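K.L.:
Starting off with a structure, shown below.
The values are calculated or read from the model by the stated rules, or taken from the named source; none is laboratory data. Values in this document were obtained by computation on a predicted structure and should not be read as measured data. Reconstructed Cβ throughout: ideal geometry from the backbone, glycine too, with neighbour counts over all protein chains shown. Accessible surface is based on the protein model in full, side chains and every heavy atom, while ligands, DNA and RNA are left aside. Shrake-Rupley method; radii C 1.70, N 1.55, O 1.52, S 1.80 Å.
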Amino acid sequence: MVAWAKQGHEAAFRELVRRYERPLFSLLYRMVRDRALAEDLAQETFIKVLNGIGSYNPQFKFSSWIFKIANNAAIDHLRKRDLDTLSLDGSPHATTPEEMHATALQLGDRGESPLAELEARELGGAIEQAIARLRPEYRACILLRHVEGFSYEEIAATLELPLGTVKTYIHRARNELRGYLGDRRE
Amino acid sequence: MTDLRLQHLTPDETELWAQGLLPAARELHLASCGECRVVGDRERKLFRELAQLPRFAPEFGFVERIMARVRIPTPSGSHLGPDPDS
Ligand SMILES: [Zn+2]
């Protein structure tokens, strides 16, 4: 499929988008928790990937390559947003990602729009909220592992992290998730 | 072998157990160790919840919005624009 797309077949491009649109969008949506933004980031990712397909190195798994670009886009965005949040509200107390996230949500309040309702429905469950409380690096690892079924080695290649770091992140993330979910159940 | 029966499960083994992939020899430890079973049960519960996470779809027309912005190379090196029909 990728080889075919490399030769410039439009149908192959479309097929690649169709194959990866849900996985990629789901990862981005859970990373940024904003549908419109996740779609923008997913579009940017696909455009970058398809326009750069000539330089794709087949020694690297295609899924790793495309998820790497998507994850970098999400992380870049989250970093920028955290900086904006800090400079806008100047709150030195917003030190953890979830505090920054809470502040950012207030700033970008979109009220009771149908989109906001959809987001609340899709990402409002206990497990989704627990995932949202993880730091972005942990969140990406957990999503790649449990939603996309990546192996530890694939996650390491995708996120360009040592294998041991990926394992540590995932074990810590699961401990945190169990803690957050336990809080709610008690 | 007897050593293995006495050793608590490592986090990796707990993960294997949660996925139903733990070797039988290590299952023997689990059968006799309440501590590992508690940890394992909590892990399994979390795994189940994570496994049920759905994938979400972008808004209708996503493919077209991308194709409108992509350069499609042709073997001759020239570029096609978006499909005139779309
Ligand atoms: Zn034990």
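K.L.:
Quick check: anything in the range A:137-148 of a type outside the set (A, V, I, L, M), at pLDDT below 95 and in contact with a Leu (Cβ under 7 Å, 6 or more places away or on another chain)?
P.N.:
yes
The rows are residues; the columns are (1) outside any loop (DSSP other than H, G, I, E, B); (2) at pLDDT below 90.
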site	(1), (2)
B:A25	yes, yes
B:D41	yes, no
B:I66	yes, no
B:S76	no, yes
B:P84	no, yes
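K.L.:
A further question follows. Residue by residue through the range B:42-65, note down the ones that are charged (D, E, K, R), closer than 27 Å to A:Y169 by Cα and surrounded by 13 or more Cβ atoms within 10 Å (Cβ to Cβ).
P.N.:
Residues satisfying the conditions are B:R42, B:E43, B:R44, B:K45, B:E49, B:R55.
K.L.:
A further question follows. Applying the selection to the range B:4-30, what residues are more than 12 Å from the ligand (Cβ to nearest atom), surrounded by fewer than 18 Cβ atoms within 10 Å (Cβ to Cβ) and within 14 Å of another protein chain (Cβ to nearest Cβ)?
P.N.:
Listed by number, the residues that qualify are B:P11, B:D12, B:L16, B:Q19, B:L21.
K.L.:
Would you pick out the residues in the range A:129-173 that are on the phi > 0 side of the Ramachandran plot and not charged (D, E, K, R)?
P.N.:
Matches in the range A:129-173: A:G149 only.
K.L.:
Further question on the same structure: Taking the residues in the range B:31-70 that are more than 7 Å from chain A (Cβ to nearest Cβ) and in contact with a His (Cβ under 9 Å, 6 or more places away or on another chain) as candidates, determine which candidate is farthest from the ligand (Cβ to nearest atom).
P.N.:
My answer is B:F47.
K.L.:
Residues in the range A:131-186 that are without any contact (Cβ under 8 Å) to a residue 12 or more places away in the chain, among the acidic types (D, E) and either within 14 Å of A:S64 (Cβ to Cβ) or open to solvent by less than 20 Å² (accessible area, probe 1.4 Å) (or both): how many?
P.N.:
Total satisfying the criteria: 1.
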